[in-house]
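The values are calculated or read from the model by the stated rules, or taken from the named source; none is laboratory data. Computed from a prediction, not measured in an experiment: that's the story for all the values here. Because the Cβ atoms are built from the backbone with ideal geometry, glycine has one as well, and the counts that use them run over all protein chains shown. When the accessible area is computed, the model is the full protein with side chains, heavy atoms only, and any ligands, DNA or RNA have been set aside. Shrake-Rupley method; radii C 1.70, N 1.55, O 1.52, S 1.80 Å.
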Amino acid sequence: NAGVTQTPKFQVLKTGQSMTLQCAQDMNHEYMSWYRQDPGMGLRLIHYSVGAGITDQGEVPNGYNVSRSTTEDFPLRLLSAAPSQTSVYFCASSFARGSPLHFGNGTRLTVT
Amino acid sequence: DAKTTQPPSMDCAEGRAANLPCNHSTISGNEYVYWYRQIHSQGPQYIIHGLKNNETNEMASLIITEDRKSSTLILPHATLRDTAVYYCIVRVPGIQGAQKLVFGQGTRLTINP
């Protein structure tokens, strides 16, 4: 198993541009989530999903959209990037809502 | 907001036991305590979790007080590779009874040679 795969690893955007951060897992996990981590800070939950077609907001959802059309994929969309969205983004998945999370290696996003 | 309180930093000598405390005084009866760690800028790594009883696995032990208001993660023989930020987390309710994890700022553990 590849586990949780995030692409790209690095990305630079200009203010106002849009992009999609990809996250895929091959473990047949129902639960997937997105976090952002700013320098010196803990992780903050952006959005999460408990299965295909079901998503909910986390602590910091503004400026981000998600959808879950398949079990494997959970993309995070930035509609109009802002410098405040400069951060490291982590995707995670788990077998069930009480199971340990498996994290990807992150996407480092810079918005200028 | 995170429902846990941890010291921002701790030091431990290599080979000694590292004991990381966590306060979760508002935890409810069906909430689990989870521990993760993050080494450098990698994705967090699961360590252990528990509800009421003490738990042990190949990485660590988790001691939860009888009133469940606090817990301690124990790394029995710390090595330099255990230097990381350690997060203590409790689950909070989400949609359809699902639960989401909220990370605080964690404890930065430094293992000294």
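Residue-level analysis places A:Gly3 among those that are in contact with a His (Cβ under 7 Å, 6 or more places away or on another chain) and within 12 Å of chain B (Cβ to nearest Cβ).
Taken as a whole, region A:57-72 holds no residue that is within 9 Å of chain B (Cβ to nearest Cβ), basic (Lys, Arg) and within 18 Å of A:Ser93 (Cα to Cα). Within region A:75-109, the residues that satisfy the criterion of being within 14 Å of another protein chain (Cβ to nearest Cβ) and either exposed (fewer than 14 other Cβ atoms within 10 Å of the Cβ) or not in a strand (DSSP E or B) (or both) are A:Phe95, A:Ala96, A:Arg97, A:Gly98, A:Ser99, A:Pro100, A:Leu101, A:Gly104, A:Asn105, A:Gly106.
Residues of region B:92-110 that are modelled with pLDDT under 70 and more than 7 Å from chain A (Cβ to nearest Cβ): B:Val92, B:Pro93, B:Gly97. All conditions in (1) loosely packed, with under 12 Cβ neighbours inside 10 Å; (2) out of contact with any strand residue (DSSP E or B) (no Cβ under 7 Å at 6 or more places or on another chain) hold for B:Asp11, with the sole exception of (2). The residue pairs whose first member lies in region A:70-88 and is in contact (Cβ under 8 Å) with a residue 40 or more places away in the chain, whose second member is surrounded by 17 or more Cβ atoms within 10 Å (Cβ to Cβ) and acidic (Asp, Glu), and whose beta carbons are closer than 9 Å, counting only pairs six or more residues apart or on different chains, are A:Thr71/A:Glu30. Among the residues of this structure, A:Met27 does not count as one that is buried (at least 18 other Cβ atoms within 10 Å of the Cβ), under 25 Å from B:Val90 (Cα atoms) and more than 9 Å from chain B (Cβ to nearest Cβ).
Do the conditions hold for B:Asp11, that is, is it charged (D, E, K, R) and either closer than 22 Å to A:Ala96 by Cβ or at pLDDT below 95 (or both)? So B:Asp11 does not fit the description; no. Checking region A:6-23 against the condition returns no match, with no residue being within 10 Å of chain B (Cβ to nearest Cβ) and among the small types (Gly, Ala, Ser). Screening region A:30-74 for residues that are open to solvent by 70 Å² or more (accessible area, probe 1.4 Å) and not in a loop (DSSP other than H, G, I, E, B) and picking the one that is modelled with the highest pLDDT gives A:Gln57.
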